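Please read the structure below before turning to the comments.
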Amino acid sequence: MALIVQKYGGTSVGSVERIQAVAQRVVTAAQAGQSLVVVVSAMGKSTDQLVSLAHQVSSNPCHREMDMLLSTGEQVSIALLSMAIQELGQPAVSLTGAQVGIVTETAHTRARILTISTDRLQRYLDDGKVVVVAGFQGIAQSDDLEITTLGRGGSDTSAVALAAALNATTCEIYTDVPGILTTDPRIVPDAQLMPNITADEMLELASLGAKVLHPRAVEIARNYGVTLVVRSSWTDDPGTKVISPTPQPRSLDGLELAQAVDAIEVDTHQAKIALLHVPDRPGIAAQLFGNVAAKDLDVDLIIQSIHDGNTNDIAFTVNRDCLERAEAVADAFSRAIPATNMPTYDTSHTAYVLVERQTAKVSIAGAGMIGRPGVAAQMFLALAKANVNIQMISTSEVKVSCAIHLEDCDRAITSLCHTFNIAHSPVPAASTTSSTTFRASSKTENLPPVRGAALDLKQARIAIHAVPDRPGMAARIFEMLAHHHISVDTIIQSQRCRIVNGTPTRDIAFTTAQGEAQSAKALLETIAPELGYDSITVDEAIAKVSIVGTGMIGCPGVAAKMFIALARKKINVQMISTSEIKLSCVVQELDGVKALQTIHNAFSLSRGSTPTLLTSVECP
């Protein structure tokens with residue numbers, strides 16, 4: 001008998017009629033011979049209503065009491081659903097998170113799951129009962145029997161964690177959309193349903209704001225090899241399957257807490273090329289990477305940062321074996337810029353190329369870093385303690401990568417593994433034969449390069465100018481922000497080195513939530529005298545547009561195609577940041593929606609189109 005975990009969100013159980021419809025679906029599955037655990041969210045907007053009540057009686061509600069209050073929402077829905085199932089003749093029982101044995105850390109309103117004791121749950125399953133479980137909640141690992149809630153995405157997390165603990169055949173997530181779409185259908189109405197997606201791709205998309213699945217749930221599924229299926233509550237359509245790699249043996253103790261970082265990755269065979277003082281206008285990145293793609297050169301990290309409003313720096317890394325060809329492309333491009341593209345610029349700021357042949361890339365990865373502002377700061381501090389200077393920084397929501405000098409690589413890895421408690425068990429990574437990851441990696445399939453696109457309109461960019469170029473500066477900056485619970489998203493360190501009072505300096509820019517931007521600026525101003533940087537500027541009128549796809553690994557031309565599409569729509573790229581399977585650009589806020597629609601179309605992601613492997617790009 002197959003054991004299935006089903007999860008229904010608040011919309012799916014938002015009324016008595018919808019609860020009865022869910023009950024009918026559950027009973028049909030049970031009559032087909034399935035053994036069922038059903039995880040349920042609070043009805044409709046009831047959680048919002050409870051939050052509103054709390055703020056009506058308290059200006060600053062205690063987190064413990066908020067957990068006590070909010071946990072009641074799920075208790076209403078599980079009791080009603082259990083009654084509705086029983087009414088249809090199927091035995092059922094409802095259990096709170098505490099009763100089912102979901103044990104969490106003691107962190108009210110944002111607890112993570114430590115373990116699940118499934119004995120009681122298994123007894124009910126063995127008796128033929130459907131077990132209806134309250135999602136979003138658990139009980140703290142203490143003698144005080146404290147009720148805890150799991151924070152945003154908690155019901156998804158509960159369901160996948162139960163599936164992992166029970167070794168379930170499948171975890172089905174029922175929602176009000178037909179599955180995972182290539183982008184937000186409210187912005188792109190012809191967004192296409194994906195029949196399947198890899199866990200790594202889903203993790204990036206979820207981290208970028210795809211709200212169908214929470215990154216915490218996807219990470220558990222990936223760690224324990226749980227098969228996820230996202231389906232509509234209103235139809236019998238198959239939905240989208242999220243495919244996880246075959247997992248390494250893993251204890252259920254510390255199930256979700258585990259650690260913020262679960263992999264340290266290193267590539268010792270990279271070289272860095274930086275173009276400084278390139279014009280800040282639409283089409284520059286498109287021309288450069290169009291030329292790079294025309295030479296069939298595969299680019300790894302790409303960063304672009306803005307300086308004086310007129311010029312940018314663009315830096316990228318390639319495999320060292322390809323350096324001569326990549327350098328020739330960059331040299332030719334830089335020589336062409338002054339004559340054709342920079343008539344209004346100061347000729348003393350002519351574009352030029354810097355090459356670093358002995359480069360290594362070190363990265364930390366893990367969905368556990370989401371919502372933990374201090375993880376990037378820990379990485380930078382670990383590198384500073386090992387006296388490793390950072391040449392480039394590039395981030396995604398679940399990965400932070402730094403380019404460093406090759407001779408510093410061993411010290412960097414030793415320090416990072418010690419800091420994040422990662423064991424030395426090298427396994428070849430999927431991206432290159434010269435890469436090592438201190439965690440098992442899944443093999444990249446022959447997939448279209450881009451599977452989905454995302455837009456974030458709620459970020460602001462903060463630029464810190466003339467930061468002294470020495471180990472420990474980035475660590476101190478982001479440690480300060482983390483201490484005050486300010487989460488940072490994209491981080492860029494410029495390649496241009498300016499001498500200020502005899503000291504080499506670089507600019508550091510990052511994005512954060514708009515509501516935290518001014519607080520971040522004020523905090524950074526307090527340590528400016530200590531660290532010696534110049535000024536801090538904030539731009540809240542930005543948007544971040546991203547593409548995600550496992551197939552872009554080892555596929556030259558993906559970045560060029562994205563930049564060319566944006567250039568043709570006269571959309572200027574202000575910042576660029578990449579990981580192996582994600583590429584993000586910061587553009588003006590007014591261009592955000594158009595940018596998403598443009599790249600969605602460029603990669604043939606809409607309904608009726610067939611995404612294909614990238615074979616060539618055409619320069620504008």
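Rundown of residues vs (1) at pLDDT 90 or above; (2) within 30 Å of residue 181 (Cα to Cα); (3) of a type in the set (D, E, K, R); (4) in the same structural domain as residue 206 (by TED's automatic domain parsing), yes/no style:
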{"site": "509", "(1), (2), (3), (4)": "no, no, no, no"}
{"site": "515", "(1), (2), (3), (4)": "yes, yes, no, no"}
{"site": "526", "(1), (2), (3), (4)": "yes, no, no, no"}
{"site": "540", "(1), (2), (3), (4)": "yes, yes, yes, no"}
{"site": "564", "(1), (2), (3), (4)": "yes, yes, no, no"}
{"site": "592", "(1), (2), (3), (4)": "yes, yes, no, no"}
{"site": "597", "(1), (2), (3), (4)": "yes, yes, no, no"}
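When the helices (runs of 4 or more DSSP H) confined to segment 126-234 are screened for residues that are more than 15 Å from residue 37 (Cα to Cα) and among the β-branched types (Val, Ile, Thr), those reaching at least 2 such residues are found at 215-224. For segment 437-470, filtered to residues that are of a type in the set (S, T, N, Q) and buried (at least 19 other Cβ atoms within 10 Å of the Cβ), the residue that is modelled with the highest pLDDT is 459. Answer with yes or no whether residue 275 is farther than 30 Å from residue 358 by Cα and either out of contact with any Lys or Arg (no Cβ under 7 Å at 6 or more places or on another chain) or surrounded by fewer than 23 Cβ atoms within 10 Å (Cβ to Cβ) (or both). Against the criterion (farther than 30 Å from residue 358 by Cα and either out of contact with any Lys or Arg (no Cβ under 7 Å at 6 or more places or on another chain) or surrounded by fewer than 23 Cβ atoms within 10 Å (Cβ to Cβ) (or both)), residue 275 does not qualify. When 521, 544 are checked against the criterion of being of a type in the set (D, E, K, R) and under 27 Å from residue 599 (Cα atoms), a single residue qualifies: 544.
A quick yes/no check of all residues on (1) of a type in the set (Val, Ile, Thr); (2) closer than 30 Å to residue 84 by Cα; (3) modelled with pLDDT under 95; (4) crowded, with 22+ Cβ neighbours inside 10 Å:
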| position | (1), (2), (3), (4) |
| --- | --- |
| 123 | no, yes, no, no |
| 173 | yes, yes, no, yes |
| 177 | yes, yes, yes, no |
| 200 | no, no, yes, yes |
| 213 | no, yes, yes, yes |
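Is it the case that some residue within segment 45-59 is over 21 Å from residue 127 (Cα atoms), in contact with a helix residue (DSSP H, G or I) (Cβ under 9 Å, 6 or more places away or on another chain) and buried (at least 19 other Cβ atoms within 10 Å of the Cβ)? Among the residues of segment 45-59, at least one is over 21 Å from residue 127 (Cα atoms), in contact with a helix residue (DSSP H, G or I) (Cβ under 9 Å, 6 or more places away or on another chain) and buried (at least 19 other Cβ atoms within 10 Å of the Cβ), which makes the answer yes.
Within segment 69-93, being exposed (fewer than 15 other Cβ atoms within 10 Å of the Cβ) and either among the acidic types (Asp, Glu) or over 27 Å from residue 3 (Cβ atoms) (or both) holds for one residue alone: 87.
Does segment 179-192 include one or more residues that are modelled with pLDDT of 90 or more, within 22 Å of residue 512 (Cβ to Cβ) and not aromatic (Phe, Trp, Tyr)? Yes, segment 179-192 contains a residue that is modelled with pLDDT of 90 or more, within 22 Å of residue 512 (Cβ to Cβ) and not aromatic (Phe, Trp, Tyr). How many residues, within segment 451-481, are in a strand (DSSP E or B) and aliphatic (A, V, I, L, M)? Final tally of qualifying residues: 9. If you scan segment 369-396, which residues turn out to be closer than 22 Å to residue 513 by Cβ and in contact with a Lys or Arg (Cβ under 8 Å, 6 or more places away or on another chain)? Across segment 369-396, the qualifying residues are 370, 371, 396.
Looking only at segment 371-393, count every residue that is β-branched (Val, Ile, Thr) and either more than 20 Å from residue 317 (Cα to Cα) or assigned to a helix (DSSP H, G or I) (or both) and tell me the total.
Within segment 371-393, the first condition is being β-branched (Val, Ile, Thr), and the residues that meet it are 375, 388, 390, 393.
If we keep only those that are either more than 20 Å from residue 317 (Cα to Cα) or assigned to a helix (DSSP H, G or I) (or both) too, we end up with 375.
Counting residues in segment 371-393 that are β-branched (Val, Ile, Thr) and either more than 20 Å from residue 317 (Cα to Cα) or assigned to a helix (DSSP H, G or I) (or both) gives 1.
Among the residues here, residue 539 does not qualify as under 25 Å from residue 563 (Cα atoms) and in contact with a His (Cβ under 7 Å, 6 or more places away or on another chain). Looking only at residues that are out of contact with any helix residue (DSSP H, G or I) (no Cβ under 9 Å at 6 or more places or on another chain) and hydroxyl-bearing (Ser, Thr, Tyr) in segment 411-430, which one is modelled with the highest pLDDT? Checking each candidate, the answer is 414.
Quick check: anything in segment 287-301 in contact with a strand residue (DSSP E or B) (Cβ under 6 Å, 6 or more places away or on another chain), farther than 15 Å from residue 326 by Cα and of a type outside the set (S, T, N, Q)? No, segment 287-301 contains no residue that is in contact with a strand residue (DSSP E or B) (Cβ under 6 Å, 6 or more places away or on another chain), farther than 15 Å from residue 326 by Cα and of a type outside the set (S, T, N, Q).
Only a single item in (1) within 30 Å of residue 598 (Cα to Cα); (2) surrounded by fewer than 24 Cβ atoms within 10 Å (Cβ to Cβ); (3) not β-branched (Val, Ile, Thr) is not met by residue 204, and it is number (2). When every residue of segment 150-159 is checked against the conditions, at least one turns out to be of a type in the set (D, E, K, R), under 27 Å from residue 75 (Cβ atoms) and either buried (at least 22 other Cβ atoms within 10 Å of the Cβ) or in contact with a helix residue (DSSP H, G or I) (Cβ under 6 Å, 6 or more places away or on another chain) (or both). Residue 245 meets the conditions (1) within 30 Å of residue 318 (Cβ to Cβ); (2) assigned to a loop (DSSP other than H, G, I, E, B); (3) modelled with pLDDT of 90 or more in every case but one. The failed one is (3).
Taking the conditions (1) over 33 Å from the mean Cα position of the chain (by Cα); (2) farther than 30 Å from residue 251 by Cα in turn, residue 123 satisfies each one other than (2). Scanning segment 354-363 for residues that are of a type outside the set (S, T, N, Q) and surrounded by 17 or more Cβ atoms within 10 Å (Cβ to Cβ), we see that the one that is modelled with the lowest pLDDT is 356. Under the condition of being in contact with an Asp or Glu (Cβ under 8 Å, 6 or more places away or on another chain) and without any contact (Cβ under 8 Å) to a residue 60 or more places away in the chain, which residue from segment 483-509 is nearest to residue 209 (Cα to Cα)? Going through the qualifying residues, I end up with 506. Show me the strands (runs of 3 or more DSSP E) found entirely inside segment 540-603 where at least 2 residues are among the hydroxyl-bearing types (Ser, Thr, Tyr) and in contact with a Ser or Thr (Cβ under 9 Å, 6 or more places away or on another chain). Correct list: 575-579.
The values are calculated or read from the model by the stated rules, or taken from the named source; none is laboratory data. Quantities reported herein were computed from a predicted structural model and do not represent experimental measurements. Glycine also receives a Cβ, built like all others from the backbone with ideal geometry; neighbour counts cover every protein chain displayed.
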